[in-house]
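Structure first, commentary second.
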């Protein structure tokens, strides 16, 4: 074998090795997104189990706030449905509705001193608030994993391997602009 043949063989082997390294990195990123989603899903399920308890506790005190309680349950079901389908876009919208309903519920609870003093309500409020914080933290990690994946599959030469093996961009978990806006507490009490 000539020197040129050996050189070409070495270059070919290096190109294949580099392709394998890129492929493995893309697989790691794809599975990182799945892991980050699983972490969100665990907290969503925990919160899903706590919300009916909160609504039942509130029903005992808030007879005139049925629409708010129904809004929370409807939004809870929308979140569960979107989560089960792994529909990130629908989940973001449903989460926005649920968070708005919970914000309104907790604000309205201020009008019911007996409810605010109820130990079960206090525990559930703290538990759900803690889960909300956890979901926000996990959402940040999920979006970072998605960002890393999406950037990597568009960069050269990774884009060549990504297209060849069908790696796809993932969707960020975003909430509506209404959720990101400041809460107008005055409107909740009028």
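So, in segment 113-143, how many residues would count as being in contact with a helix residue (DSSP H, G or I) (Cβ under 8 Å, 6 or more places away or on another chain) and farther than 13 Å from residue 46 by Cβ? So that I can check it myself, show each step before the final result.
Applying the first criterion (in contact with a helix residue (DSSP H, G or I) (Cβ under 8 Å, 6 or more places away or on another chain)) to segment 113-143 yields 115-116, 118, 120-122, 124-125, 127-128, 131-132, 134-135, 138-139, 141-142.
Subset that is farther than 13 Å from residue 46 by Cβ: 115-116, 118, 120-122, 125, 139, 141-142.
Residues that pass the stated criteria total 10.
Does segment 65-87 include one or more residues that are loosely packed, with under 12 Cβ neighbours inside 10 Å and farther than 29 Å from residue 162 by Cβ?
Yes, that holds for at least one residue.
Looking at segment 134-149, can you tell me whether even one residue there is in contact (Cβ under 8 Å) with a residue 12 or more places away in the chain, over 24 Å from residue 33 (Cα atoms) and part of a helix (DSSP H, G or I)?
No, segment 134-149 has no match at all.
Take the conditions over 30 Å from residue 153 (Cα atoms) and within 20 Å of the chain's Cα centre (by Cα) and apply them to residue 28. Does it pass? I'd like the intermediate steps shown before the answer.
On the way: over 30 Å from residue 153 (Cα atoms): no; within 20 Å of the chain's Cα centre (by Cα): yes.
For residue 28, the condition - over 30 Å from residue 153 (Cα atoms) and within 20 Å of the chain's Cα centre (by Cα) - is not met.
When residues of segment 94-121 are filtered for being surrounded by fewer than 18 Cβ atoms within 10 Å (Cβ to Cβ) and over 18 Å from residue 65 (Cβ atoms), how many remain?
Number of matching residues: 1.
Is there any pair linking a residue in segment 12-41 that is under 9 Å from residue 149 (Cα atoms) to one that is modelled with pLDDT under 95 and exposed (fewer than 11 other Cβ atoms within 10 Å of the Cβ), with Cβ under 8 Å and at least six apart or on different chains, and which?
none
For residue 41, indicate whether it is at pLDDT 90 or above and either surrounded by fewer than 18 Cβ atoms within 10 Å (Cβ to Cβ) or more than 30 Å from residue 111 (Cβ to Cβ) (or both).
On the way: at pLDDT 90 or above: yes; either surrounded by fewer than 18 Cβ atoms within 10 Å (Cβ to Cβ) or more than 30 Å from residue 111 (Cβ to Cβ) (or both): yes.
So residue 41 passes the test.
Working carefully through the options 69, 26, find the one that is farther than 19 Å from residue 139 by Cβ and at pLDDT 90 or above. Working first, answer last.
On the way: 69 fails: at pLDDT 90 or above.
Going through 69, 26 in turn, the sole match is 26.
The values are calculated or read from the model by the stated rules, or taken from the named source; none is laboratory data. Bear in mind that the values here come from a model prediction, so they are computed numbers and not experimental data. All Cβ positions, even for glycine, are placed from backbone atoms using ideal geometry, and neighbour counts span all protein chains on display.
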